[in-house]
Amino acid sequence: MRADSLWRAVLGVEKTVVEDVVFDRVGLVVVVSVRPVARERGRCGRCRRRCSGYDLGRGERRRWRGLDLGVVRLFVEAESVRVACPEHGVVVAHVPWARHDAGHTRMFDDQVAWLATQTSKTAVTQLMRISWRTVGAIVKRVCADVDAARDRLDGLARVGIDEVSYRKGQQYLTVVVDHNSGDLVWAQPGRDAATVARFFDALGPDRAEALTHVSADGASWITGVVAKQAPQAVLCADPFHLVSWATKCLDEVRRETWNIARRAAGGTRQIGDLAGGRYHASRGDAQTIARSRWALWKNPEDLTTKQTAQLAWIATSSPRLHRAYLLKEGLRHVFKLGGTDGKHALQRWLTWVQRCRIDVFVELGRRIKRHLPAIHASLDHGLTNARVEAVNTKIRLITRTAYGFKDPQALIALAMLTLGGYRPPLPGRN
Ligand SMILES: [Zn+2]
């Protein structure tokens with residue numbers, strides 16, 4: 001085998017001439033000098049149209065980082081050619097081994113994108129020897145390639161529109177999920193009617209008309225735009241949000257119960273005296289309540305033995321808190337059932353909540369009643385909680401992983417690659 005074809009296989013490129021290979025055995029670096037074959041030269045980096053040459057950049061040769069050869073780092077080096085495109089002006093010329101404006105080879109990008117959707121932040125950055133910020137730039141490039149090849153908004157019928165907080169201080173994304181496939185199909189920064197309108201702009205009037213159901217949390221900034229842009233679609237309440245309202249109420253009751261236990265004799269213990277302020281830790285009942293937070297929040301099927309025991313303890317020692325827990329679970333059950341059974345269960349739940357003698361839940365009952373038509377629609381049309389909750393949970397998990405991307409578009413790209421139904425394959429393996 002000729003060395004040229006070996007190096008082309010290593011770089012994962014065709015249409016490339018290998019000019020030279022230099023190995024620095026001290027720095028453990030291989031530099032492969034290349035040039036595109038004649039018919040790949042002089043093309044615009046953005047549209048690949050053949051154009052007239054402009055110059056050689058600043059005259060310096062350009063380098064792209066490639067996949068490591070074992071522990072040896074690999075760079076591809078070539079002339080930095082610029083061309084004058086009639087449409088795009090003076091741009092860097094297209095090269096077969098890398099995406100436009102990238103500092104890494106196509107294979108390197110693809111492997112980083114695959115890792116970013118599969119493993120931890122630390123694993124990607126350490127294995128590939130790049131910063132998390134660079135990972136952000138790479139997932140954006142790879143996601144743009146996926147988007148150029150397919151339209152995620154085709155064939156939508158039942159969608160959910162939701163907001164996700166991605167950074168402290170009121171920074172939100174508006175996200176759209178396809179209820180049929182469970183895929184994330186659209187996301188942009190912002191939480192207002194204008195952002196929802198941008199989704200409908202991208203969708204266009206024909207595809208907006210094809211929407212049959214739209215679920216949302218009832219916020220008017222979403223429902224107002226939907227009613228205008230897709231008046232035929234049935235507005236459904238998003239079960240995920242209704243259950244999260246109940247979880248919030250439960251947490252309020254838990255805090256009240258904890259405060260009462262804490263203030264009771266022996267409920268706290270002083271643990272220090274710092275800068276004039278005294279610090280206390282919960283003891284006894286107060287401590288058990290403080291520690292039972294997860295048991296109360298988690299779905300019963302996910303409870304550990306210890307958490308089951310904590311719940312049993314709450315049932316006997318704090319009947320009011322336990323009642324609040326059952327109310328939250330009852331509402332979850334309504335959406336688990338769905339359909340007519342769900343509606344009947346909801347009716348029983350509303351009667352129960354009315355006389356539960358816990359103010360926050362009585363108020364929740366009133367709030368649920370106000371959204372009744374949308375809730376019935378979601379029960380009728382099978383928008384059960386499981387899938388919506390699963391996608392929501394995953395999006396929130398990714399936003400936490402992506403914390404540190406300064407650019408929300410990098411976060412969106414990572415979420416799209418992970419949850420958009422087109423996960424990037426490993427290079428060379430389809
Ligand atoms: Zn061009």
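Numerical summary
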| quantity | calculated |
| --- | --- |
| Number of the exception - S52 against (1) under 13 Å from V90 (Cα atoms); (2) polar (S, T, N, Q); (3) in contact (Cβ under 8 Å) with a residue 40 or more places away in the chain | (3) |
| Residue count, segment 77-91 (criterion: touching a strand residue (DSSP E or B) at 6+ places or on another chain (Cβ under 6 Å) and either within 16 Å of the ligand (Cβ to nearest atom) or under 21 Å from R429 (Cβ atoms) (or both)) | 8 |
| One residue from R62, R46 being of a type outside the set (S, T, Y), more than 16 Å from the ligand (Cβ to nearest atom) and either under 39 Å from the mean Cα position of the chain (by Cα) or modelled with pLDDT of 95 or more (or both) | R62 |
| Only listed residue being basic (K, R), surrounded by 14 or more Cβ atoms within 10 Å (Cβ to Cβ), in contact (Cβ under 8 Å) with a residue 12 or more places away in the chain and in contact with a helix residue (DSSP H, G or I) (Cβ under 9 Å, 6 or more places away or on another chain), chosen from K406, K369, K394 | K394 |
| Leading residue by the ranking (surrounded by the fewest Cβ atoms within 10 Å (Cβ to Cβ)) among those in segment 24-43 that are more than 16 Å from the ligand (Cβ to nearest atom) and assigned to a loop (DSSP other than H, G, I, E, B) | V26 |
| Top-ranked residue in segment 65-76 [being in contact with a strand residue (DSSP E or B) (Cβ under 7 Å, 6 or more places away or on another chain) and of a type in the set (A, V, I, L, M, F, W, C); ranked as farthest from the ligand (Cβ to nearest atom)] | V72 |
| Any hit, segment 352-363, residues being under 30 Å from M416 (Cα atoms), β-branched (V, I, T) and either surrounded by fewer than 21 Cβ atoms within 10 Å (Cβ to Cβ) or touching a residue at least 60 places away in the same chain (Cβ under 8 Å) (or both) | no |
| The lone exception for V388 - which of (1) surrounded by fewer than 18 Cβ atoms within 10 Å (Cβ to Cβ); (2) modelled with pLDDT under 90 it fails | (1) |
| Where V18 falls short, out of the listed (1) more than 33 Å from the chain's Cα centre (by Cα); (2) hydrophobic (A, V, I, L, M, F, W, C); (3) within 26 Å of L115 (Cβ to Cβ) | (3) |
| Residue count, segment 49-58 (criterion: crowded, with 18+ Cβ neighbours inside 10 Å and more than 14 Å from the ligand (Cβ to nearest atom)) | 0 |
| Listing of helices (runs of 4 or more DSSP H) fully contained in segment 163-273 that carry 1 or more residues being surrounded by fewer than 18 Cβ atoms within 10 Å (Cβ to Cβ) and among the hydroxyl-bearing types (S, T, Y) | 220-229, 239-263 |
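The values are calculated or read from the model by the stated rules, or taken from the named source; none is laboratory data. Quantities reported herein were computed from a predicted structural model and do not represent experimental measurements. Virtual Cβ from ideal backbone geometry, glycine too; neighbours counted across all protein chains shown.
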